[in-house]
Amino acid sequence: MSAVVLDPAPAVSPSGRAKKRLGPWQVWGLIFVAPYVLVFLVFVLYPVAYGLWLARHPASYVHLFDDPIFLRSVANTAVFLLVGINLKMAIALFLSGFFVHPQRWIRWLSLLFIIPWAVPSIPTILSFRFMLNPEWGLINSLIFRLTAEDGPNWLNDPTIGLTLAILVHIWKSLPFWTLILVAGRLAIPGEMYEAAAVDGASAWQKFRFITWPSLQTLYLTSTLLSMIWTLGDFNSVYLLTGGGPADLTHVLATLGLRYLRLDQVDMAMATVVCAMPLVIPLVYFMMKRLSK
């Protein structure tokens, strides 16, 4: 009889389970992922944890709420979000219906339309600030040539300054959200519009019963994402008005920079922490919509 050779039993760890060795693809995966994990830990997790640690003292929040500029900044932030974002998204929805047409001149116009979003914020917003200069700005120079009277000091009024900051924000970010909604419109089957036209549907009925139901989820998700980004956007206010006059046009994003300039780091971090109750629900609702 021939001898039967049995394979040796696999090595068993003291816990009773066989040891699993990483394959070459898994090893290379860990090697390539490690730099990104390190960057996340150093440049994201550590700054957030350090900022929360700096804002740990209750006295920082007491001083923050006692500062009247903070309450004014909260009100300005609410106005900036409610007015700026809703107006921007409504205009983007309207313009997406215009740029979706296949005419060649509309395509060329769309290239010009996207320039404000593609150009960096610093030169574009500073150019608006120069044009609004009360002494030698382009706008007041035109007013003087047409009426022989001096133009107003645009940025010396808090209401006008905040309004202009909202308009600059809309002008800067409008092309991006318009393109997002144009992509959503292009995903709607053309046969639906053809069938509606055969049934005698008007342009408003096509929008109400075809376009809006198809774009509703994308529109609401884009609105939530725009609110999250706008909470952290300080360019439109800081570069245009600098928070002035008398610190009356600050929003939460620029107020933190004001405290940093005053060497009040704990209050700057407390300002960021106070914005988190606004950001976290927005992130939650956005992720909930994306998971549907």
**OP:** With a bin width of 10 angstrom, please list the P(r) values of the range 134-292 as percents of all Cα-Cα pairs, from the 0 bin to the one holding the largest distance.
**Re:** 9, 24, 25, 20, 16, 6, 1
Subject >> For the range 120-237, accessible area per residue (1.4 Å probe, heavy atoms of protein chains only), Å² >> reply: 57
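Ratio of Rg to Rh for the chain, alpha carbon only, Kirkwood? Mind dumping the intermediate values first?
Numbers: Rg = 27.7 Å, Rh = 23.8 Å.
Rounded to two decimals, Rg over Rh is 1.16.
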Original post:
By how many degrees, 0 to 90 and rounded to 10, does the Cα axis of helix 252-261 deviate from the longest principal axis of the chain?
Top reply: 90
Subject >> Label zone at Asp66, where the point sits 7 Å out along the Cα-to-Cβ direction: the range 239-259 residues whose backbone N lies under 20 Å >> reply: 256, 258-259
Original post:
In a GNM of the chain with a 10 Å cut-off on Cα contacts, which of Pro102, Pro281, Pro24 has the highest mean-square fluctuation?
Top reply: Pro24
Original post:
Hey, how many Å between the Cα centroid of the range 146-193 and the Cα centroid of the range 209-280?
Top reply: 17
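Please give the FRET efficiency for Trp212 paired with Ile139, using the beta carbon to beta carbon distance and R0 = 41 Å, rounded to the nearest 0.05. Could you put the intermediate results ahead of the total?
On the way: r = 38 Å, r/R0 = 0.92.
For Trp212 and Ile139, the calculated efficiency is 0.60.
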**OP:** Kindly rank 78-86, 27-35, 167-175 from highest to lowest mean number of other beta carbons found within 10 Å of each residue.
**Re:** 167-175, 78-86, 27-35
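Rounded to the nearest whole Å³, what is the per residue volume of the convex hull around the Cα atoms of the range 17-84?
Given the Cα convex hull of the range 17-84, per-residue volume reads 204 Å³.
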Original post:
Between Ala246 and Thr147, what is the label-to-label distance in nm when each label sits 7 Å out along the Cα-to-Cβ direction?
Top reply: 2.5
Original post:
Which three semi-axes in whole Å describe the equivalent ellipsoid of the range 60-178, each the square root of 5 times a Cα gyration tensor eigenvalue, listed largest first?
Top reply: 30, 24, 12
**OP:** Could you check the simple spin-label distance between Asn156 and His101, using points 7 Å along Cα→Cβ, in nm with one decimal?
**Re:** 4.5
**OP:** Take the Cα coordinates of the range 49-125, assign each an equal point scatterer, and use the Debye formula without solvent to give log10 I(q)/I(0) at q = 0.16, 0.22 Å⁻¹.
**Re:** -0.85, -1.07
Original post:
Top to bottom by accessible area (1.4 Å), largest first, where do Phe209, Phe113 land?
Top reply: Phe209, Phe113
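Just the C-alpha atoms of the range 111-152: what Rg/Rh do they give, with Rh taken as the Kirkwood radius? Numbers along the way, then the final one.
Working: Rg = 13.3 Å, Rh = 11.5 Å.
Computed over Cα atoms, the ratio is 1.15.
Quick check of the Kirkwood formula: for the range 224-287, what is the inverse mean of 1/r over all pairs of different Cα atoms, in Å? It would help to have the intermediate numbers written out before the result.
Working: mean 1/r = 0.0810 Å⁻¹.
Evaluated on the range 224-287, it is 12.4 Å.
Rank by packing, highest mean first: peptides 160-166, 197-203, with packing defined as the count of other Cβ atoms within 10 Å averaged across residues. Mind dumping the intermediate values first?
Values: 160-166: 21.1, 197-203: 10.3.
Final packing ranking: 160-166, 197-203.
Considering only protein heavy atoms and a 1.4 Å probe, what is the carbon-and-sulfur percentage of the accessible area of the chain?
On the way: 13400 of 19050 Å².
The C+S portion of the solvent-accessible surface of the chain is 70 percent.
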Original post:
Accessible surface of Arg107 in the full protein assembly, 1.4 angstrom probe, to the nearest 10 Å²?
Top reply: 150
Subject >> Residues of type aspartates and glutamates that Lys172 reaches as a straight line, Cα spacing below 19 Å, ignoring anything fewer than 8 places off in the same chain >> reply: Asp233
Subject >> Dipole of the range 185-292 [Lys/Arg +1, Asp/Glu -1 at C-beta], most positive-end residue of Ala270, Leu220, Leu231 >> reply: Leu220
Original post:
When the convex hull of the Cα atoms of the range 155-229 is projected onto a plane and the area is averaged over all directions, what value comes out in nm²?
Top reply: 6.5
Original post:
How large is the convex hull of the Cα atoms of the range 114-208 per residue, expressed in Å³ as a whole number?
Top reply: 160
Subject >> Sites Leu220 and Leu82, calculated FRET efficiency, Cβ-Cβ separation with R0 22 Å, nearest 0.05 >> reply: 0.90
Original post:
Nearest 10 degrees, 0 to 90: what angle lies between the long axis of helix 121-131 and the longest principal axis of the chain (Cα atoms)?
Top reply: 10
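The values are calculated or read from the model by the stated rules, or taken from the named source; none is laboratory data. Please read these numbers as outputs of a predicted model, since none were measured by experiment. With ideal geometry, Cβ positions are generated from the backbone for all residues, glycine too; neighbour counts draw on all protein chains shown. These accessible areas exclude ligands, DNA and RNA; they are computed on the full protein's heavy atoms, side chains included. Shrake-Rupley method; radii C 1.70, N 1.55, O 1.52, S 1.80 Å.
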